[in-house]
Amino acid sequence: MLKVTNIGKTYGKFTALKNINLEVADGEFLAIMGPSGSGKSTLINILGLLDQSYTGEYLLKNKNYKTVSDNFLSRIRGDQLGFVFQNFKLLTTYNVYENIEIPLIYSKKEQNNKRELVEDVIEKVGLKGKEKNRPSELSGGQQQRVAIARAIVNHPNLVIADEPTGALDSKTSKEIMDIFTKLNQDGTTIIMVTHDSEVAEYAMRTVYIRDGRLYNDEKSVKKS
Amino acid sequence: MTDKILIAFKSIGKNKNRNFLTMLGIIIGIASVICILAIGDGFAHTVTKGMGNHNTRNKVVIMYQPTTEDNTDGGFTNNDEAVLEKIPGVEHVKLTSSVVEAGAKAQYKTKNVTMSLNKQPKHLKLVKGNYFQMSGASNGVYISEDLAHKLFKKNVLNRLISIDGTVFVVQGIYHISDINYRPDAYVSKTVFKQLFANQISKDEARLSVGPKANKKWIGKRAVKQMKKMGEQKNIGTYEVSNPDQVSKQFTKILNDITYFIAFIAGISLLIAGIGVMNVMYITVSERRKEIGIRRAFGATSNDIRNQFLIESVVLCVIGGVIGIIFGYLLVAIINAFLPFKAVITAYALILSLSVSTAVGLIFGFIPSNKAAKSELVGLLKEE
């Protein structure tokens, strides 16, 4: 799915990422763990084509998008990637249906029935009957379901989730992780950032990040 | 596109009060534009109708002007008509009079007044008496309040007055407003024809010419012929009358007025536009999170720019439509006070909507561009 070689990122004198090498296979479920400020979000911004100012090489589906136009990059994001942001990032003035519909507005994929696509995904995340509700009328767990539905409505190849259970209790976290597991079983590649080791256990593989460096197992993090 | 328009309506509806206040400038500006154009068009329509804007395309008009003011007689004779008809290219000649009224002297007891009179019109609003079409030989007369006051010092009916030696009975009295010109008296059609029509000199010769005729040449030639052979060439002059010229001058004055008021309307729309720009800047900074989310889910910077431009245009067009409705109401009110009817043309509506759209596009562009150019990672940090 993607291959990262020697990626680095600095903010002025501060090194946020250094020599990151990572490969994620199609259909994999990868967890990235690390404390706050370790560079997790910076890394997934690069992986999600949200941030293009980095050094090194990043190939998504064997293609390097470093030098493509901003508009082209938007299309790639819209059609190939799906995001579940920290704190849900839903539009509060839009209802559930309208929030989920957003990626389809800009998608260039051929879709005959957008309505059907939205309704399918609403059913998949268990929000049937809540279509007309505003995010403020939903619980945290339900809001996260809306965010997941929005991320997968356009059938992306890769879903990137930043702390998807960060704001949820353990019972709701489990429900949300079950949705991710099911999604992965259906063939979607998932990269998830978390600082919760229980949540990371749902992933097939976990990598660790600390002070901008990536480690393949917990022991090597501790050694460093 | 439909999605973007719906989003625009939703966003505008979210801040109704703020957006209504922003629209107010546009509403006033557009309502003014509608009023200005309606009054201008109505005025032009009334004036050109009043000027007798008949088909002058195939006509050349030669005017006779007496040399001295004392001598109001004279003009074209039947012999002159025959001379003019012989000019190559002229198909037909009709002698008419630029003045349709006759002048006469009215006398009541010892009072003598110079007055103008004409044959009675179909309708006439009286301040005293009843109006009806008088029979052929009737000696009835309708006189103006002004004449009544000069003769009797008050409005009284059934008095006998003498007009050029013939006795008439006052049947009714009418008011002459400042705007509608009327002669001092009206008599029946038959009486007018018998007693007064011959006084009116034929001071206009209307030459009907073929469609391919050279009007300029015919005009010059006709004047030359009349100066040489006109029966009354010694007591008057001849010249080509050019109605196009008059209406052109008038149109120019009207245009100047329109440009001036359009300039004022332009300034109010400029201020309205700055208001729109301000509110769009606020909208963009309030919706940074939304812009970030849309960009992450596939919206290009063009999509974002268009989204905000559409919002700005929708805002202005809503203002424009309300302005048009408001303008209609104003025109209806103004019409109650105007001596002519202000008319709203399709051109005025199209212009108003185009101006609203243009204000939206021009003043929405910079804020929209700012939204489109924002850095994505920064936008996604917004809560």
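The values are calculated or read from the model by the stated rules, or taken from the named source; none is laboratory data. These numbers come from a predicted model, not from an experiment. Heads up, the Cβs are rebuilt from the backbone with ideal geometry, glycines too, and the neighbour counts pull from every protein chain shown.
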query = Which numbered condition trips up residue B:304, out of (1) of a type outside the set (Lys, Arg); (2) within 14 Å of chain A (Cβ to nearest Cβ); (3) out of contact with any Ser or Thr (no Cβ under 9 Å at 6 or more places or on another chain)?
reply = (3)
query = If we scan the range B:112-135, do we find a residue that is of a type in the set (Phe, Trp, Tyr) and at pLDDT below 85?
reply = no
request  = Spot the failing condition for residue B:341; the list is (1) in contact (Cβ under 8 Å) with a residue 40 or more places away in the chain; (2) in a helix (DSSP H, G or I); (3) of a type outside the set (Gly, Ala, Ser), and only one is missed.
outcome  = (2)
request  = Collect the residues in the range B:30-63 that are under 30 Å from residue B:357 (Cα atoms), modelled with pLDDT of 75 or more and touching a Leu at 6+ places or on another chain (Cβ under 9 Å), keeping them in residue-number order.
outcome  = B:30, B:31, B:32, B:33, B:34, B:35, B:37, B:38, B:39, B:40, B:42, B:43
ask   = Checking residue A:49 against (1) part of a strand (DSSP E or B); (2) within 11 Å of chain B (Cβ to nearest Cβ); (3) of a type in the set (A, V, I, L, M), which single condition isn't satisfied?
value = (1)
note = Only one of (1) surrounded by fewer than 21 Cβ atoms within 10 Å (Cβ to Cβ); (2) modelled with pLDDT of 90 or more; (3) assigned to a strand (DSSP E or B); (4) of a type outside the set (Lys, Arg) does not apply to residue A:4, and that is (1)
query = Among the residues of the range A:24-37, is there at least one that is over 23 Å from residue A:177 (Cα atoms) and not β-branched (Val, Ile, Thr)?
reply = yes
request  = Keeping to the range A:137-156, report how many residues are at pLDDT 90 or above, within 14 Å of chain B (Cβ to nearest Cβ) and surrounded by fewer than 19 Cβ atoms within 10 Å (Cβ to Cβ).
outcome  = 0
inquiry  = Given the condition under 24 Å from residue A:200 (Cα atoms), surrounded by fewer than 18 Cβ atoms within 10 Å (Cβ to Cβ) and among the small types (Gly, Ala, Ser), answer yes or no: does some residue in the range A:28-49 qualify?
reply    = yes
request  = Can you work out which of the residues in the range B:90-101 that are more than 14 Å from residue B:75 (Cβ to Cβ) and either basic (Lys, Arg) or surrounded by 17 or more Cβ atoms within 10 Å (Cβ to Cβ) (or both) is nearest to the chain's Cα centre (by Cα)?
outcome  = B:101
inquiry  = Being facing chain B (nearest Cβ under 8 Å), in a helix (DSSP H, G or I) and free of Cβ contacts under 8 Å to residues at least 60 places away in the same chain is the filter here; which residues of the range A:70-92 pass it?
reply    = A:70, A:71, A:74, A:75, A:77
inquiry  = Yes or no: the range B:278-285 includes at least one residue that is within 14 Å of chain A (Cβ to nearest Cβ) and either without any contact (Cβ under 8 Å) to a residue 12 or more places away in the chain or among the β-branched types (Val, Ile, Thr) (or both).
reply    = yes
